[in-house]
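Here's the structure, in structure tokens; my notes come after.
We did not get these values from a lab; they are worked out from the coordinates using the rules stated. All of these numbers come straight from a predicted model, not from anything done at the bench. Neighbour counts are summed over all protein chains in view; Cβ atoms, including those assigned to glycine, are modelled from backbone coordinates with ideal geometry.
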Amino acid sequence: MTSPGSGQVRAELGLEYDLLVVSVADAEHDDPLFQQGTAAFDAQDSAAQAKALEGHSAAVIKYVTDRFHVSTESPCVPTKDGGFRMEQREGVPYALLDLDYRCEGADAHEVRSALFPDTEGYVRDTKTVVTYDLDLTSGSAALDAHQPSFSTQQSFGERFWEFFRLGAEHLLTGLDHILFLLALIAGSRRLREIVLAATTFTLAHSVTFVLAALGLVTVPANIIEPLIALSIAVVAAWPLWRLWRRKVNGIDDELLGDGHFSLDRAGWTRLAVVFCFGLCHGLGFASALGIDTAWSWTLLWSLLVFNVGIETVQLAIIAIVFPLLVLIRRKANFAPQWTTGVIAAAVSVMGLTWFVQRIAEG
């Protein structure tokens, strides 16, 4: 969002095409839009998709402007500028729409979004990410049902909390990422191992997360999602391989590790595998956030805060689960390594199941 002139605010909206079509058709009782828009989506025809939206422009604009508001002391009046445009984000078509809001003069603007609410039944927990340059200030905000609006005069702490909370919620609600962490923990016999593995994972996914969210790297979701599932299975299978090696060759991992960081060749191989899969997870984080815009320091700051939220939850999970696993290993009546094996096997099976499902759906 920008302010091109006195009393004017320009909003450039990027809306997921198929979700927009079904939501508008349902809310505005426009069945022809649903028929035409769905046919264009199935045909993967960008020109036909833009034409479908343009042909039902009144219904689309009403739906959007009824749910996306800009205001000062009073509501700003929106008008559509130009036609609908289409672009691909992570292989998904998005409709681009420019709205010019005419506002009465004020020192601050409030932006409110209720786009694609849970009550429609098509998606849940919609996040609207807004990047703005208004009222001699710039920043980013994440809007959802819990925090549907923001003011351009919001404090630094409020801006920080929005993206920190978004990152924390994403990891807590992402079962695949939590299982990957459990796989790392289950495969680590000592605290040093899990710290090195978690640090390696963090460095890897931080790099690709920022690059992908800034639009510098693009990989289709139908490739990334199966790889994330496969990463869970492979990393979880690592301690199973250790058990097999100990049984067949009599090699005790606890006696190995005279190299750097007290890791042997197998330990370094594990870190390399974790790093590669961490790159995939970073792309998954960026896809979930749904940002695809030009580079800016403001946006980079917001992405880093989002990442801090992810890392805080990750460290909290490690701090809770690893000591519990150590305690279980010590108290188990059967061999402690088999406690690890049972956990690892369960996580690995889940990862393989997701891998097959995502390949089939892709």
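Kindly express, to the nearest 10 degrees and within the range 0 to 90, the angle between helix 175-186's C-alpha long axis and the longest C-alpha principal axis of the chain. Its long axis makes an angle of about 20 degrees. As a rough footprinting exposure proxy, the listed residues 155, 113, 138 were ranked by other beta carbons within 10 Å of their own, and the order from fewest upward is 155, 138, 113.
Would you please put 42-52, 201-211, 307-317, 176-186 in order of how densely packed they are, using the mean number of other Cβ atoms within 10 angstrom per residue and starting with the highest?
Averaged packing, sorted descending, gives the order 176-186, 201-211, 307-317, 42-52.
By the Cβ-Cβ criterion of under 4.7 Å, the unpaired cysteines of the chain are 276, 280. Mean-square fluctuations from a GNM of the chain, with a 10 angstrom spring cutoff on Cα atoms, peak among 33, 175, 97 at 175. Taking the Cα centre of the chain as reference, the dipole from Cβ charges on Lys and Arg (+1) and Asp and Glu (-1) amounts to some 2200 debye. Among residues other than residue 93 with Cβ under 10 Å from its Cβ, the summed charge is -3 (Lys and Arg +1, Asp and Glu -1).
Computed from point charges on the beta carbon alone (+1 for Lys and Arg, -1 for Asp and Glu), the dipole magnitude for the range 2-154 about its Cα centre is near 140 Debye. Computing Kirkwood radius over Cα pairs in Å for the structure here picks out one of (1) 20.2; (2) 21.6; (3) 22.8, namely (3).
Beta bridges assigned by DSSP with both partners in the chain are antiparallel in approximately 95 percent of cases.
Note on the chain: Lys pairs 8 or more places apart or on different chains, Cα atoms under 25 Å apart, count 6. Express the relative contact order of the chain as a whole percentage, based on alpha carbon pairs under 8 Å and six or more residues apart in sequence. So the answer I get is 18 percent.
Given the DSSP H assignment, sum -39500 (n - 2.57) over each helix run of at least 4 residues in the chain and divide by its residue total; what's the result at 222 nm in deg cm²/dmol, nearest 500? Calculated mean residue ellipticity at 222 nm is -20000 deg cm²/dmol. Rounded to the nearest 10 degrees, the angle from helix 191-213 to the longest Cα principal axis of the chain is 20 degrees. Once the Cα atoms of helix 221-249 and of the chain are each reduced to a long axis, what angle between those two axes, in degrees from 0 to 90 to the nearest 10, is obtained? Roughly 10 degrees between the two axes.
The separation of the range 66-103 from the range 128-145, counted between C-alpha centres, amounts to 14 Å. Mean-square fluctuations from a GNM of the chain, with a 10 angstrom spring cutoff on Cα atoms, peak among 265, 189, 159 at 265.
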